[in-house]
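Peer 1: The structure is given below, and queries will be raised subsequently.
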Amino acid sequence: MPIAGFTLVEVLVALTLTSLLLLSLITGLRGISDAATRTDALAQRVTEMRLVSDFLRHHVAGALSVTYADPDQDATPPRHYFQGDARRLQWVGELQAVHAPGGLFVFRLQALPDQGILQLGYMPYPGRQWHGDWAGEQRHVLIQGLDHWAVRYQDARGQWHDQWQDSSGLPTLVSIMIQAEGRHWPELLIALGGP
């Protein structure tokens, strides 16, 4: 009577097939894990983009046409708080009580290319007499990994400008273009209330 069982070759073939099956299973699980990590990182970037865009739309659109005079320079005509160039934007607007005590604040949004950040600074509205001093400013980083940032301003005639120092008030539109971590954000076109 012959002895039942597997030959050594059959056992080696079975072990090899089992090893290949386990290897493909582990590789598949690793691929799923990597895809989940990439998807999570993308979701975080999209959420950051949405939150920052919504914050900027809401607060820049709420800019008020307010002037100030430097008390040390009596001969100088009043200037508008709303000022900006391609790298910086300054305005007066309301800050909801969720973020701070509430009320009117002076905001300053600026790109710091050497640090790769977009920073928001704000402080309580000092009134119509202001030296332009930002002492006591609260600062928050809105975007890290900033590659490029540009702001343009549209006047009432529909012409775009790289800076806004207009004494007549607010621009009609503000365009903000952001590139962070190699990705271009959708252009923000923000309508302002006007003078």
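Readers should treat all values here as calculations from the given coordinates under stated rules, not as data from a laboratory. Please read these numbers as outputs of a predicted model, since none were measured by experiment. Heads up, the Cβs are rebuilt from the backbone with ideal geometry, glycines too, and the neighbour counts pull from every protein chain shown.
Peer 1: Using the Kirkwood formula over every pair of different C-alpha atoms, what hydrodynamic radius in Å results for region 52-191? Let's see the in-between values first.
Peer 2: Working: mean 1/r = 0.0639 Å⁻¹.
Value: 15.6 Å, from the Cα pair sum.
Peer 1: Hey, another quick one. Take the Cβ-Cβ distance between Trp160 and Ser53 as r, set R0 to 22 Å, and report the resulting FRET efficiency rounded to the nearest 0.05. All intermediate terms of the calculation are to be shown ahead of the outcome.
Peer 2: Working: r = 20 Å, r/R0 = 0.91.
For R0 = 22 Å, the calculated efficiency reads 0.65.
Peer 1: Just to confirm the number: angle between the C-alpha axis of helix 8-61 and the first principal axis of the chain, 0 to 90 degrees, nearest 10?
Peer 2: Around 10 degrees separate the two axes.
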